[in-house]
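Rule-based calculations on the coordinates, nothing more; no lab input. Bear in mind that the values here come from a model prediction, so they are computed numbers and not experimental data. Please note: Cβ atoms are built from the backbone with ideal geometry, for glycine as well, and neighbour counts cover all protein chains shown.
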Amino acid sequence: MNIQGQAAIVTGGASGLGAQTARELAKRGAKVAVFDRNAEGAKAVAAEIGGIGIGCDITSSDSVIAALNAAREAHGPARILMNIAGIGTAKRLIGKDGTPMPLEDFRRVIEVNLIGTFNVIRLATAEIVKLDPLQDGERGVIVNTASVAAFDGQVGQEAYAASKGGVVSLTLPLARDLAQFGVRVVTIAPGLFLTPLMAELPLPVQESLAASIPFPKRLGKPEEFAHLAAAIVENLALNGEVIRLDGALRMAPR
């Protein structure tokens with residue numbers, strides 16, 4: 001799909017990988033709607049790229065429907081959906097005091113990362129499938145965000161790894177389900193990236209993490225994630241695939 005002139009939605013677009021992806025799509029000519037729970041952050045990124053920023057809780061159907069309506073009113077129906085919103089957590093199953101991990105902590109990560117992602121997909125796709133097909137028969141592209149933790153989850157990453165593993169497992173059946181409509185689905189599984197959350201860690205910790213990456217021996221750049229996301233949109237043959245973007249990293253147990 002040629003990105004130029006298309007309407008696009010980026011969830012989690014107020015910062016990090018989402019913000020950079022929004023910038024990249026805008027640079028390639030897309031009309032970008034930035035969704036994020038941080039409405040002010042979403043509006044700030046949107047102002048920078050000439051898009052629209054909308055406060056949105058991806059776990060709430062009413063919130064997503066309202067955001068989709070606002071995006072459509074501003075830019076027309078979207079053919080590009082970038083699902084990047086998510087949360088991270090690290091908590092051992094059994095704490096040092098012997099108490100089990102609170103079930104609510106596990107449930108919250110699944111609710112945001114897996115159910116929230118699916119919620120946006122189902123509501124956005126209901127609109128995409130009604131659009132006229134492009135010249136090549138394509139109607140839309142959905143790019144989801146997983147993590148290498150889906151495959152190499154570390155100690156304390158049970159909730160996060162399970163949520164991202166769910167996104168990985170969704171990819172192929174979604175692509176098969178939506179093939180009849182000409183809608184592609186691809187997932188990116190990033191490794192260690194220099195996001196705002198990572199930047200808060202002490203520099204020695206960042207350097208230690210970077211040293212574990214075979215090559216390039218540094219943290220990933222948000223621009224590299226954004227370039228891949230845009231390339232997926234532009235490459236019609238990419239469908240039903242999960243792409244690790246990790247410099248050949250395989251996470252150790254801890």
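Structure values in brief
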{"read-out": "Over the chain: helical MRE at 222 nm, DSSP H runs n ≥ 4 each giving -39500 (n - 2.57), nearest 500", "value": "-13000 deg cm²/dmol"}
{"read-out": "Residue exposure sequence - D97, D152, D177 - by fewest surrounding Cβ within 10 Å", "value": "D97, D177, D152"}
{"read-out": "Size of charge dipole - the chain - debye, nearest 20, with Cβ of Lys, Arg +1 and Asp, Glu -1, no other charges", "value": "280 debye"}
{"read-out": "L228, L203, L249 arranged by Cβ crowding within 10 Å, fewest neighbours leading", "value": "L203, L228, L249"}
{"read-out": "Partners for K130 among lysines (Cα-Cα distance below 25 Å; same-chain residues under 8 apart left out)", "value": "K31"}
{"read-out": "Furthest towards positive pole of dipole, I213, M198, T99, structure part the chain, Cβ charges", "value": "I213"}
{"read-out": "Extension gain, R122 back to I65 (0.36 nm per residue minus Cα-Cα distance, nm)", "value": "19.5 nm"}
{"read-out": "Alpha-carbon radius of gyration plus Dmax, which is the widest Cα pair, for the stretch 79-152 in Å", "value": "17.6, 61"}
{"read-out": "For q = 0.09, 0.10, 0.12 Å⁻¹, Debye-computed log10 I/I(0) when each Cα of the chain counts as one equal scatterer", "value": "-0.38, -0.47, -0.67"}
{"read-out": "Dimensionless Rg/Rh of the stretch 213-254 - Kirkwood Rh, Rg from C-alpha atoms", "value": "1.05"}
{"read-out": "Proximal lysines to K27, defined as alpha-carbon separation beneath 23 angstrom and excluding residues fewer than eight positions away on the same chain", "value": "K43, K221"}
{"read-out": "Residues in the stretch 114-158 that a label on L201 would reach, taking backbone N under 19 Å of a point 7 Å out along Cα→Cβ", "value": "146-158"}
{"read-out": "Volume per residue of the C-alpha convex hull in the stretch 141-230, rounded to whole Å³", "value": "108 Å³"}
{"read-out": "Cα-Cα P(r), the stretch 18-142, percent of pairs per 10 Å interval", "value": "12, 38, 29, 13, 6, 1, 0"}
